[in-house]
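Peer 1: My questions all concern the structure below.
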Amino acid sequence: MAISSTATPKDTRWRALRLRCDDVDRRTERWLLLTFYALIILTVAVEVIRRFALNYSSVWGEELARYAFIYLAWLAAAAAVRDRAHIRIDVLINLGGPRMKRLGWWISDIATLVLAVWALYLSIAPVLTSINFGSVTAGLRVSQAFFLAAIPVGFLLIAWRVVQSMLADIRRMQRGDPVFDGQKLFD
């Protein structure tokens, strides 16, 4: 089957829609990361002022900062998987050529996907237990299930990011582009 170099209008519309969805996806993720980070900073700052200037602290402040940090960590983990900026040892992958890199990334993505789906499955039971028994947090008096859900939500996002990465690798392979090595934090 021959592949034409000209794109049909249907292909162009599909690509435009996909790019638009990717843009909304990235923006939403960044805004959520920023929101949780700002919530942590604001809560800790208010609690420090209240504790040392007013000699009074709240029960809910530490809890709110802790749970915001948990959500922030899971969102950041998914973002790192998307950018392939997570912690990894890629010495063996870099020793080989382009085919070795592609194979290494596929093995890594499949292993990450299996781990994420397995952890997602295991993390749903505590959320359901919390819902069934109606447990609430000590300070905020909010359903504990909302905060326990951070773990399955995080692993669901990680699984989604791995699938996106695999689909992007397939598109790169079809175009003949090299594999995406990811964002390096430092060398």
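The values are calculated or read from the model by the stated rules, or taken from the named source; none is laboratory data. Note that the structure is predicted; figures quoted are calculated from it, not measured. All Cβ positions, even for glycine, are placed from backbone atoms using ideal geometry, and neighbour counts span all protein chains on display.
Peer 1: Based on what the data block shows, is L148 in contact with a Ser or Thr (Cβ under 6 Å, 6 or more places away or on another chain) and either surrounded by 11 or more Cβ atoms within 10 Å (Cβ to Cβ) or closer than 24 Å to A80 by Cβ (or both)? Quick ask: steps written out before the conclusion?
Peer 2: Numbers: in contact with a Ser or Thr (Cβ under 6 Å, 6 or more places away or on another chain): yes; either surrounded by 11 or more Cβ atoms within 10 Å (Cβ to Cβ) or closer than 24 Å to A80 by Cβ (or both): yes.
Spelling it out, L148 is indeed in contact with a Ser or Thr (Cβ under 6 Å, 6 or more places away or on another chain) and either surrounded by 11 or more Cβ atoms within 10 Å (Cβ to Cβ) or closer than 24 Å to A80 by Cβ (or both).
Peer 1: Continuing with this model, one more query. Among the residues of the stretch 97-105, are any loosely packed, with under 13 Cβ neighbours inside 10 Å, over 28 Å from D22 (Cα atoms) and of a type in the set (D, E, K, R)? I'd like the intermediate steps shown before the answer.
Peer 2: Within the stretch 97-105, the first condition is being loosely packed, with under 13 Cβ neighbours inside 10 Å, and the residues that meet it are 97-99.
In the following step, the residues that additionally are over 28 Å from D22 (Cα atoms) were identified as 97.
Within this subset, residues satisfying the condition of being of a type in the set (D, E, K, R) are none.
No: the stretch 97-105 contains no residue that is loosely packed, with under 13 Cβ neighbours inside 10 Å, over 28 Å from D22 (Cα atoms) and of a type in the set (D, E, K, R).
Peer 1: Given the conditions (1) modelled with pLDDT of 90 or more; (2) within 21 Å of L33 (Cβ to Cβ); (3) surrounded by fewer than 16 Cβ atoms within 10 Å (Cβ to Cβ); (4) not β-branched (V, I, T), report the number of the one that A85 does not fulfil.
Peer 2: Among (1) modelled with pLDDT of 90 or more; (2) within 21 Å of L33 (Cβ to Cβ); (3) surrounded by fewer than 16 Cβ atoms within 10 Å (Cβ to Cβ); (4) not β-branched (V, I, T), A85 violates only (1).
Peer 1: Considering only the stretch 40-60, state which residues are of a type in the set (A, V, I, L, M), surrounded by 10 or more Cβ atoms within 10 Å (Cβ to Cβ) and at pLDDT 85 or above. Step through it out loud before you land on a result.
Peer 2: Initially, the stretch 40-60 is screened for residues of a type in the set (A, V, I, L, M), giving 40-42, 44-46, 48-49, 53-54, 59.
Add one more test, that the residue is surrounded by 10 or more Cβ atoms within 10 Å (Cβ to Cβ), and what stays is 40-42, 44-46, 48-49, 59.
Matches in the stretch 40-60: I40, I41, L42, V44, A45, V46, V48, I49.
Peer 1: When you scan the stretch 94-119, how many residues do you find that are among the aliphatic types (A, V, I, L, M) and under 18 Å from I170 (Cα atoms)? Give the steps one after another, and end with the answer.
Peer 2: Step one: list which residues in the stretch 94-119 are among the aliphatic types (A, V, I, L, M), which gives 95, 100, 103, 107, 110-111, 113-117, 119.
Next, only the ones that are under 18 Å from I170 (Cα atoms) stay: 100, 103, 107, 110-111, 113.
Total satisfying the criteria: 6.
Peer 1: To continue, here is another question. Could you please let me know if W74 is closer than 23 Å to L157 by Cα and in contact with a helix residue (DSSP H, G or I) (Cβ under 8 Å, 6 or more places away or on another chain)? Before the answer, list the steps.
Peer 2: Values: closer than 23 Å to L157 by Cα: yes; in contact with a helix residue (DSSP H, G or I) (Cβ under 8 Å, 6 or more places away or on another chain): yes.
Against the criterion (closer than 23 Å to L157 by Cα and in contact with a helix residue (DSSP H, G or I) (Cβ under 8 Å, 6 or more places away or on another chain)), W74 qualifies.
Peer 1: Might you let me know whether the stretch 18-39 holds any residue that is crowded, with 17+ Cβ neighbours inside 10 Å and either farther than 25 Å from F180 by Cβ or free of Cβ contacts under 8 Å to residues at least 40 places away in the same chain (or both)?
Peer 2: Checking the stretch 18-39: at least one residue is crowded, with 17+ Cβ neighbours inside 10 Å and either farther than 25 Å from F180 by Cβ or free of Cβ contacts under 8 Å to residues at least 40 places away in the same chain (or both).
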